[in-house]
Amino acid sequence: MAEEKFMGGGVDSEKEPENTSNQQDPSKRLKQESTNSVPYYKLFSFADSWDYLLIFAGTIGAVGNGMSLPLGTIIFGTLVNSFGELSNIKEVVHEVSKVSLQLVYLALGSSVASFLQVACWMVTGERQAAEIRSVYLKTILRQEVGFFDKQAKAGEIVERMSGDTVLIQDAMGEKVGKFLQLAATFLGGFIVAFAKGWLLTLVMLSSIPVLSISSVMMSKAISKMTTNRQSAVSEAATVVEQTIGSIRTVASFTGEKQAIDKCNKLLTKAYKSGIQESLAAGLGFGVAMFILFCCYGFAVWFGGKMIIEKGYSGGDVASIVIAILTASMSLGQASPCISSFAAAKAAAFKMFETINRKPEIDAYNKNGQQLDDICGDIELRDVHFSYPARPNELILDQFLFPYLVAGEILIDGVNLKEFQLKWIRQKIGLVSQEPALFTCSIRDNIAYGKDGATAEEIRAAAELANAANFIDKLPQGADTMVGEHGTQLSGGQKQRVAIARAILRDPRILLLDEATSSLDAESERVVQEALDRVMINRTTVIVAHRLITVRNADIIAVIHHGKIIEEGSHSELVKDPHGAYSQLIRLQEINTKSDQVAFNDQDSPEIIVDTNPNFSIIQGSSGIGNSGPRSFPVNALETAPEKTNTSVSTPSQVPQEVSLFRLALLNKPEFPILLLGSILAAISGMILPAYGVLLSAALKTFFEPAHKLNRDSKFWALIFVGLGIVCLAIYPSYSYLFGMAGCKLIRRIRSMCFEKVVYMEISWFDEAEHSSGAIAARLSVDAAFIRGLVGDTLALLVQNVATVTAGLVIAFEASWQVALIILVMVPLLGLNVYAQFKFMKGYREDAKKMFEEATQVVKDAIGSIRTVASFCAEKKMMKLYRKKCQGPIKKGLNQGLINGVGLGLSILLFYSVYACSFYAGAQLVADGKTDFSNVFRAFFALTMMAVGVSLSSSLAPDTSKAKTAVASIFAILDRKSKIDSSDDSGTTMESVMGDIEFFHVSFNYPTRPDVQIFRDLCLAIHSGKTVALVGESGTGKSTVISLLQRFYEPNSGHITLDGIEIQKLKLKWFRQQMGLVSQEPVLFNDTIRANIAYGNEGDAKEAEILAAAELANAHYFISSLEQGYNTIVGERGIQLSGGQKQRVAIARAIMKAPKILLLDEATSSLDAESERLVQDALDQVMVNRTTVVVAHRLSTIKGADLIAVVKNGVIAEKGKHQSLINIKDGIYASLAALHANPSS
């Protein structure tokens, strides 16, 4: 039997590099990459023949659509001349009828062109982006694992696929069509203008540079302010997410006020940037309108001069002015398109670089040997290895691994590199310490083990893996969804699913990488039984800390500094008492005779408890699939109730709708500002109708006698300039005032909500909709929506009322008949403006949301890339991804067609309204009911009214979303916390002894009312004593600690501290008396110094921090770091190893100088060396303190003053280790026996 097993261990200093996903803000990342970009034409590398056809049709459509506006100005000039020059009324009607018909033809042509433009470009953009996403993911999945350690982070890849491809899609889809359309309008406008009158055109051109320069300067200023505001809001959101994600730690260390102060500071920064942004935006708009009206004034004066001196007609002047202004505005509108192209070129650089990358180990390479079968003989010859991410650190010296610096690995005498990669991987099965499950059903997860596996094969694998029993008990059986990373299953269940997956492929070589290290004894026994069945007749390579799991191995190899220093069977290695293996065993022994009597069946070296080995050993790992850097997540089974509540939480009630009056009251301090802003908004609302009056008056002036034309053109020119000055004063002022009121409201809401949230009871956070991400999103997005509902909506309402009132008054005063006719058709004109603006804004806003499910597949694949590679699941992942993309892509294609039809119809209506209005006006002039000037005045007043209302409506916030946001925010603000640490009521004690007692406590988690955790639990913990809680996983040991910190309230019974019920004590003071060190301590993304100081509410002297670190055995390792105490620990402490994190957490607990110490599995996931250091630190801290210890490992609590065994919701046994071990058939004795021999 070729069964060889290897054993290794690990220490902090040799911690392997983490594959963390530091997800950057895309805008920042693109800025960094802007120096690197691909040529624009390269974006179309993945277009096929259909795409080229769509591009051709879309280009013709865009050019046609773009030319329609310059052609429209020619027709408009003819129309003006028809009204102004002809004295014969019948001729006027005849000419206007001809012109109106021309407008109808133009309407039909441009509507077809706009349909082709939008539909073709959007469809080809969608098609090409889908192909780029697929090719990118396929390329990513074929890369070697080292690529993910060194170059690619999971978050970055997901962001590129969800964010960057949207930028690329925009730049080769609808934005290209828009750019071509605007370019055609620009060129067409100037061609028309020069054809009609070159001199006036040249003079008018002088205004364009001024307009362009001011527009660029303003957009840069606004962009800078926006970036500053978004940066501050993003930092505040990080504080929110970090606080809520670690709410138990925050509550335990009474850090709520620290978090609130930090968040408020960042919100104030965002508020200041927001006001500056509003002022800059208002100023930008005001300056643009001022320059525009000055241009009109200049055009009226100089146009009059040209009519007198050069013989221009009034219609020609109107055509030239409108053509040039249309052309120059199209130039301004093109800048977002150009920005999109630049962003896409930068975004594509990294993606295309990856797509073109040739992997060092290619998962898709079909070359290589395929044998009929393999025996499984593995030989390692002089292997040297270092991780690609850390090439200077030699991990294996003359040993084994996949990215070899030198040496070779042989299977059945053939070099591993000579096999076809997929074939050899299919011969190997992997079960790792923290198995990666995918976000799908149990059945689908097992099926990853083998392509095309039948239901019978999956069932057989589940049975062999001891998984069938628990699967059958689940309501959905094998169709139960496992959640993200398998969070809905316990540690033991996940392991058994992973074993079933490995079994399904019937591997010749089995790799077990710490497969049972983080399980409690019962789960370990079940998993170990499953493994023992699977290992029969297979070559098995085991990586283990726990020597008990490998003592029956044929060969045990001890690794030290990358070399094998001892090799042999267990019995051979223990003969040398000074050998490395014997030293490891001594660290894992329970050296008491009573233990041997109770549960020993062999000599003492084999009486081993559930501990991790020491000896400066490098983490040995399997060579296939799961090799390489990895973190060691902790399987916190005891906290399962708190972690998995989300899956079974009751659906939350839909928030009640809230009256806008309540919301307005939140803005009450800003009422004077809002009142003044509303007055200015009303004035700004009258500007466009006033502009309509001026335009009609100017056109009438062009047909007056020379002396009158000369005088009146100067007068109307000055009036235009005056209107420009009004814009320059009004727009910045009203934008600033509403910006200030809105930003103050946002800051107030975010601050109030966050303060409410951090003081909520812990059970509130157990509900799925109150996760850290969800709350951060609510405070960010909902508050912004609410600002829109109060400030922006009020401004738009006042502005629109003023616009409509002014427009109607002017139109009806000019000609009530014309006004009525036009009024019937004005909504159609408004529809066009709205559709055009939506098109300018872009239809891709929801693209990220549409691809959420597909993005989850990518997250799964990249986050578990070692598992994907190990099980050759690349093609399966691609198939699943394409399937998830089908719906969104189809929706995107349909959206392109619908948007094309919508825009085409709106343009058809736009020109048709013009044609009908002027034809009706001509008939009224012919009947003598009005004159030419009044027709134009009524027409321009109402069309400008429609333009104004439509533009402001298109900028209006989404009121339905805003109403939901209001309800969501008030649901938080109105809810009263059931356990509120901000409540100052309650008593405090001058000195705390530390006597704790549980009296008849019954409890179940609020989100799982059917599962009783405690029934009549009674327990006394005396001052200064150490009490240990033991029991199987899920019995509620950690719940005791949660109840003790008042994270939850008992259903019945009570808990006392020094004889006083803890509910009667002031909560904040009470929590300050306790120091918590948990199994997986949560550190904040800050310096080590700040994390330790957090124990004293962030206020600690340097000497106190150093003293706490020394007492926690942490000072030495902190000082050895390059940045020392200023080292940033990373998200949740990811930059530190397990042992280092634990020691920083202990130092943090010491800073509180607590009377009561709570240790929740504080050393369970550490290797022996780290455990020894942490345990030494804990032993020092526990002196003269009441200590409650929750432990799986009996070795850590054998010296406790009292051991309490929790079972079926009560204390089933209690006493000292010695007395409990001697109880025949006792629960504690059984647990100890399981630890001694988990496979028994």
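The values are calculated or read from the model by the stated rules, or taken from the named source; none is laboratory data. Nothing here was measured: the structure is a model prediction, and the numbers come from that model. Because the Cβ atoms are built from the backbone with ideal geometry, glycine has one as well, and the counts that use them run over all protein chains shown. All accessible areas refer to the heavy atoms of the entire protein, side chains included, with ligands and DNA or RNA removed. Shrake-Rupley method; radii C 1.70, N 1.55, O 1.52, S 1.80 Å.
Taking the condition assigned to a strand (DSSP E or B), at pLDDT below 85 and under 28 Å from residue 1004 (Cβ atoms), does residue 1082 pass? No. Residue 415 satisfies every condition listed in (1) within 24 Å of residue 557 (Cα to Cα); (2) open to solvent by 60 Å² or more (accessible area, probe 1.4 Å); (3) at pLDDT 80 or above except (2). Of the helices (runs of 4 or more DSSP H) lying entirely inside the stretch 671-763, those containing at least 2 residues that are open to solvent by less than 60 Å² (accessible area, probe 1.4 Å) and over 22 Å from residue 944 (Cβ atoms) span 671-685, 706-758. Is one or more of the residues making up the stretch 1171-1193 at pLDDT 75 or above, open to solvent by 10 Å² or more (accessible area, probe 1.4 Å) and touching a Pro at 6+ places or on another chain (Cβ under 9 Å)? Checked the stretch 1171-1193: at least one residue is at pLDDT 75 or above, open to solvent by 10 Å² or more (accessible area, probe 1.4 Å) and touching a Pro at 6+ places or on another chain (Cβ under 9 Å). Taking (1) open to solvent by 20 Å² or more (accessible area, probe 1.4 Å); (2) modelled with pLDDT of 70 or more; (3) among the charged types (D, E, K, R) in turn, residue 860 satisfies each apart from (1).
Looking at the structure I just gave you, is residue 1043 modelled with pLDDT of 85 or more, at negative phi, open to solvent by less than 10 Å² (accessible area, probe 1.4 Å) and within 36 Å of the chain's Cα centre (by Cα)? When the stated conditions are applied, residue 1043 passes them. For residue 1101, the criteria (1) at pLDDT below 85; (2) closer than 21 Å to residue 982 by Cα hold in every case but one, which is (2).
Of all residues in the stretch 344-373, those being at pLDDT below 80 and aliphatic (A, V, I, L, M) number 3. Evaluating residue 314 against the criteria (1) small (Gly, Ala, Ser); (2) surrounded by fewer than 18 Cβ atoms within 10 Å (Cβ to Cβ); (3) touching a helix residue (DSSP H, G or I) at 6+ places or on another chain (Cβ under 6 Å) leaves one unmet condition, (2). Once the stretch 217-238 is narrowed to residues that are farther than 23 Å from residue 749 by Cβ and without any contact (Cβ under 8 Å) to a residue 60 or more places away in the chain, the residue that is least open to solvent (accessible area, probe 1.4 Å) is 223. Every condition in (1) open to solvent by 40 Å² or more (accessible area, probe 1.4 Å); (2) assigned to a loop (DSSP other than H, G, I, E, B); (3) in contact with a Ser or Thr (Cβ under 7 Å, 6 or more places away or on another chain) is met by residue 1007 except one, and the failing one is (1). Output the residues belonging to the stretch 995-1021 that are basic (Lys, Arg) and farther than 18 Å from residue 764 by Cβ. Hit for the stretch 995-1021 is 1015, nothing else. Here residue 906 clears all of (1) modelled with pLDDT of 75 or more; (2) open to solvent by 10 Å² or more (accessible area, probe 1.4 Å); (3) within 30 Å of residue 172 (Cβ to Cβ) except the condition numbered (2).
Does residue 118 meet the test of being more than 30 Å from residue 934 (Cβ to Cβ), over 31 Å from the mean Cα position of the chain (by Cα) and modelled with pLDDT of 85 or more? No: the conditions fail for residue 118. Of all residues in the stretch 1203-1233, those satisfying the criterion of being closer than 25 Å to residue 1052 by Cβ and part of a loop (DSSP other than H, G, I, E, B) are 1208, 1209. Just to verify a result, which residue in the stretch 500-510, among those that are at pLDDT below 85 and open to solvent by less than 10 Å² (accessible area, probe 1.4 Å), is farthest from residue 374 (Cα to Cα)? Only one residue fits best here, namely 502. For the stretch 1010-1026, taking the residues that are farther than 14 Å from residue 1043 by Cβ and of a type in the set (Val, Ile, Thr), the one that is nearest to the chain's Cα centre (by Cα) is identified as 1011. Note on the stretch 555-585: residues that are farther than 20 Å from residue 381 by Cβ, charged (D, E, K, R) and outside any helix (DSSP H, G or I) total 2.
Residue 492 meets all of the listed conditions (1) in a helix (DSSP H, G or I); (2) at pLDDT 80 or above but one, namely (2). Is there a residue being over 28 Å from the mean Cα position of the chain (by Cα) and not basic (Lys, Arg) anywhere in the stretch 227-250? There is no residue in the stretch 227-250 that is over 28 Å from the mean Cα position of the chain (by Cα) and not basic (Lys, Arg). Just so you know, in the stretch 1128-1141 the residues that are more than 25 Å from residue 1182 (Cβ to Cβ) and open to solvent by 20 Å² or more (accessible area, probe 1.4 Å) include one that is modelled with the highest pLDDT, and it is 1128.
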